[in-house]
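Written out below as structure tokens is the structure these notes cover.
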Amino acid sequence: MAETRDVVELILQDHRRMEDLFRLMRSVEADRAAALREFADLLIAHALAEEAKVYPALKRYKKIDDEEVEHGEEEHEEGNKALLELLEVGEVGSEQWDEKLEELVQAVTHHADEEERTILNGARENAAMERREELGEAFLEERKRQLEAGCGDVENVRRIVHS
């Protein structure tokens, strides 16, 4: 993957990695538990970094719809709840696990698709590359901080969902 600081490209890279992890979590040949651990960390770090560093900055652009940004935050909450439900299933690969995985896939895929069409296209069209790179740096820094703190741990996800 090319090194980029463009926040739009960084977010898109995370979305593609999440799709890869969904494929692994669905595969009986893969280490599904490891894929879920990586996914949980990535989803939480990604969403918290967007909400802390990217969304507030994008709200300042007149041509980027505030309602879309707020809707993105609501969809993060839905994804977090679906993630928590999957993390709380005891047996990886059980019928209940597969069911909760599909709910998570649906919530996250819907959000990523909408975010790419609205917020990210708006950022690409309205924010100068220099500003997108500044946001990318801030996004990466916050994302790294969250990952180092073990943000995808079930207890942390529970705190986020119930706060």
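The values are calculated or read from the model by the stated rules, or taken from the named source; none is laboratory data. Note that the structure is a prediction, hence the values are computed from the model and not measured. Every residue, glycine among them, receives a Cβ derived from its backbone with ideal geometry; neighbour counts consider all protein chains shown. Each accessible area value is taken on the protein alone, full model and side chains, heavy atoms only, with ligands, DNA and RNA left out. Shrake-Rupley method; radii C 1.70, N 1.55, O 1.52, S 1.80 Å.
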Query raised in the report: For segment 35-50, what does the Karplus curve 6.51 cos²θ - 1.76 cosθ + 1.60, with θ = phi - 60°, yield as ³J(HN,Hα) per residue in whole Hz, taken in order and with x for Gly and Pro?
Result: 4, 5, 4, 5, 4, 4, 4, 5, 4, 5, 4, 4, 5, 5, 5, 4
**Report entry** Solvent-accessible heavy-atom area per residue, rounded to whole Å², over the chain at 1.4 Å
**Finding:** 54
Query - Inter-label distance for Leu24 and Glu148, nm, one decimal - labels placed 7 Å from Cα along Cα-to-Cβ - result: 2.3
Report summary line: Of Arg60, Arg158, ordered by accessible area with the largest first and a 1.4 Å probe, the sequence is Arg60, Arg158
Report task. Set the Förster distance to 22 Å, then compute FRET efficiency between Arg16 and Lys62 from the Cβ-Cβ distance, nearest 0.05. Result -> 0.15
Report task. Would you work out the charge dipole size for segment 27-163 about its Cα centre, treating the Cβ of every Lys and Arg as +1 and the Cβ of every Asp and Glu as -1, and quote it to the nearest 20 debye? Result -> 620
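Pull out the extension gain between Ser163 and Glu116, defined as 0.36 nm times the separation in residues minus the alpha carbon to alpha carbon distance; nm, one decimal.
Between Ser163 and Glu116, full extension yields 14.2 nm more.
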Query raised in the report: Within the accessible area of segment 47-163, what % is carbon and sulfur when the probe is 1.4 Å and the other protein chains stay in place?
Result: 43
Query raised in the report: Normalised by the residues of segment 1-45, what does the relative contact order come to in percent, with Cα pairs under 8 Å and at least six apart?
Result: 29
Report summary line: Using alpha-carbon coordinates alone, the radius of gyration and Dmax of the chain in Å work out to 15.7, 48
**Report entry** MRE, 222 nm, helices only [DSSP H, n ≥ 4, -39500 (n - 2.57), over the chain, to nearest 500]
**Finding:** -24000 deg cm²/dmol
Query raised in the report: Label-point separation (nm) for Gln106 and Ser94, each offset 7 Å from Cα along Cα-to-Cβ?
Result: 2.1
Query raised in the report: Given the Cα-Cα distance of Asp31 and Arg124 and 0.36 nm per residue of separation, how much length would full extension add, in nm?
Result: 29.9 nm
Query raised in the report: What area, in nm² and to one decimal, does the C-alpha convex hull of segment 89-163 cast on average over all directions?
Result: 6.8
